[in-house]
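Have a look at the structure below before the remarks.
The values are calculated or read from the model by the stated rules, or taken from the named source; none is laboratory data. Predicted, not measured: the structure shown is a model, and the values here were computed from it. Counting neighbours? That spans all protein chains shown, and the Cβs are built from the backbone with ideal geometry, glycine included.
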Amino acid sequence: MRILLLTLLLLSEQAAAQFWQQQATFPGMARDDGAQFSIGSLHFCGTGRGSDFGCTRDFYVYDSYNSTWNNAAPLPIWQERQYASAFSYQEKGYVLGGENCNGFYFKTFWRYDPLTDSWQSMPEFPGAGRAGAQHFLMGSDLYWIGGRNATGILNEVWCFHLSSNQWEQLGNLPFDGIWRGIGFANQTNGYVAGGRTNEANQTGWNADTWIYDPQTDQWSNCTAQLNLGSRMYLNCAQSDSLLFVFGGVTPTDEVLSSLEKINLNNYQIEPLLPFTASPRKGCMSFVGNGFFHLATGITGNDRLNETWRLAYSPEADISEKEFFEVYNLLQDASLLVRINPVLIGEQLSIRDIQGRVLLSLELSQTEHLISIADFPAGTYFVDVKGYTQKCLR
């Protein structure tokens, strides 16, 4: 009886800590099927099909430190698209492929620099344009998988080597293509799951999870270890080895509101609180500061500009002041940083207002005295595990 009571109390505390919160409204036109990439605490969301049924090229940036949206530079003119792939690498964002809402499939590849708020063209994809492809990043290699164009759903696998700016075609998937599934990776392997296949005139369903070995360029079925089922239009977001999978549409056209947290080290799946607002698909998702976020999407025939978040970590409910404190010691141009002991072993970084990291160190005790005498006068931000404090020099 005491064990049952304890279990109920723990479940009650867990349920109380998890609830969906609506955040600041996405500032652009309501849309679905957009693209998203993250650079630190900044989450860039853009493109997609707007509520006017046309494709878009605008971008906006969500700051997960203060839950606010701001404008970012749009893609260049004539680059409106939906179903694009997006990712980040070494403090830059990238957008690749997509479809222009009129049947044209892009091969263009763009890189975003947050310091200049500008886009630069990258080496164009050498194959036929495509949209709704899956991707994952391993080291400095981007793997771009499947997708769809006028020929149907594709089973091609390509790699872009960011270290040399070169494209390479790899061996095809061992099944009949994948479109609008998900791709993700851990330290050693890449994965794809969900989505439609080219079977039966593009109406097939991929019910399996496939694992990729970059050393052998081989795929194998790992559904027995990680089963995500048959669904398309599902979203995923990743924080280190934690993968978050949201929703999707089933073969019976049910729009799911489920959210799962998956440990990619052991494939353990933990169901989180299902989404509590209207079911939706085609969202953009990201994680930051211990929260899983959803933005935009479509419910029924209505495109949305809502933003929601759910705390997946107990640390998300701890205020920044309780987590760590920063004191300016102006007389000797130093900072006194006091931390919660749970942060020992984490990295602390100090960045300027342009987002450049000027100093980084590992936290080894509950108090650190840090000199900023060499910093120019101005405002700086101290970051620890997704939390921030502002300081002056």
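Miscellaneous remarks
- When residues in the stretch 136-167 are screened for being under 14 Å from Y94 (Cβ atoms) and either of a type in the set (A, V, I, L, M) or not assigned by TED's automatic domain parsing to the domain that holds S241 (or both), 3 of them pass.
Yes/no per residue for (1) over 20 Å from the mean Cα position of the chain (by Cα); (2) within 25 Å of K261 (Cβ to Cβ); (3) among the acidic types (D, E):
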| residue | (1), (2), (3) |
| --- | --- |
| H161 | yes, no, no |
| E168 | yes, no, yes |
| G171 | yes, no, no |
| N189 | no, yes, no |
| A193 | no, yes, no |
| Q218 | yes, no, no |
| T223 | yes, yes, no |
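- Checking each residue in the stretch 123-163 for being among the polar types (S, T, N, Q), part of a strand (DSSP E or B) and farther than 14 Å from G181 by Cα picks out only N149.
- Scanning the stretch 231-241 for residues that are outside any strand (DSSP E or B), of a type outside the set (A, V, I, L, M) and either crowded, with 19+ Cβ neighbours inside 10 Å or not assigned by TED's automatic domain parsing to the domain that holds P279 (or both) yields a total of 2.
- First in the stretch 315-341 and part of a helix (DSSP H, G or I) and modelled with pLDDT under 80, second anywhere and surrounded by 15 or more Cβ atoms within 10 Å (Cβ to Cβ) and of a type in the set (D, E, K, R), Cβ under 9 Å, 6 or more apart: E315/K385; A316/R309; F323/E315; F323/K385; L330/R393
- Residues within the stretch 276-303 that are part of a loop (DSSP other than H, G, I, E, B) and either at positive phi or surrounded by 20 or more Cβ atoms within 10 Å (Cβ to Cβ) (or both), tallied: 8
- The residue pairs whose first member lies in the stretch 192-219 and is surrounded by fewer than 14 Cβ atoms within 10 Å (Cβ to Cβ), whose second member is at pLDDT 95 or above and in a loop (DSSP other than H, G, I, E, B), and whose beta carbons are closer than 7 Å, counting only pairs six or more residues apart or on different chains, are D213/N189; D217/L170; D217/G171.
- Set side by side, the residues D58, D32 differ, and just one is within 25 Å of L137 (Cβ to Cβ), without any contact (Cβ under 8 Å) to a residue 60 or more places away in the chain and either surrounded by 19 or more Cβ atoms within 10 Å (Cβ to Cβ) or not assigned by TED's automatic domain parsing to the domain that holds Y387 (or both), which is D58.
- Candidate set: the stretch 139-166, residues that are surrounded by 21 or more Cβ atoms within 10 Å (Cβ to Cβ) and of a type in the set (G, A, S); chosen: the one nearest to Q215 (Cα to Cα): G146
- Test: F244 is assigned to a loop (DSSP other than H, G, I, E, B), touching a residue at least 40 places away in the same chain (Cβ under 8 Å) and buried (at least 19 other Cβ atoms within 10 Å of the Cβ): no
- Of the residues screened, A73 is one that is at pLDDT 95 or above, among the hydrophobic types (A, V, I, L, M, F, W, C) and closer than 30 Å to Q389 by Cβ.
- Some residue of the stretch 312-333 being of a type outside the set (A, V, I, L, M), under 30 Å from K92 (Cβ atoms), surrounded by 20 or more Cβ atoms within 10 Å (Cβ to Cβ) and in contact with a strand residue (DSSP E or B) (Cβ under 6 Å, 6 or more places away or on another chain): yes
- Among (1) surrounded by fewer than 21 Cβ atoms within 10 Å (Cβ to Cβ); (2) under 30 Å from A35 (Cβ atoms); (3) in contact with a Ser or Thr (Cβ under 6 Å, 6 or more places away or on another chain), the one test that L369 misses: (2)
- Scanning the stretch 96-110 for residues that are without any contact (Cβ under 8 Å) to a residue 24 or more places away in the chain and buried (at least 18 other Cβ atoms within 10 Å of the Cβ) returns no hits.
- Long-range neighbours under 6 Å by Cβ, at least six apart or interchain, first residue within 15 Å of D352 (Cα to Cα) within the stretch 363-385, second in a strand (DSSP E or B) and among the aromatic types (F, W, Y): V384/F324
- Of the listed requirements (1) part of a strand (DSSP E or B); (2) at pLDDT below 95; (3) not aromatic (F, W, Y), V95 misses just one: (2).
- In the set (1) more than 18 Å from the chain's Cα centre (by Cα); (2) closer than 30 Å to Q21 by Cβ, the condition left unmet by I262 is number (1).
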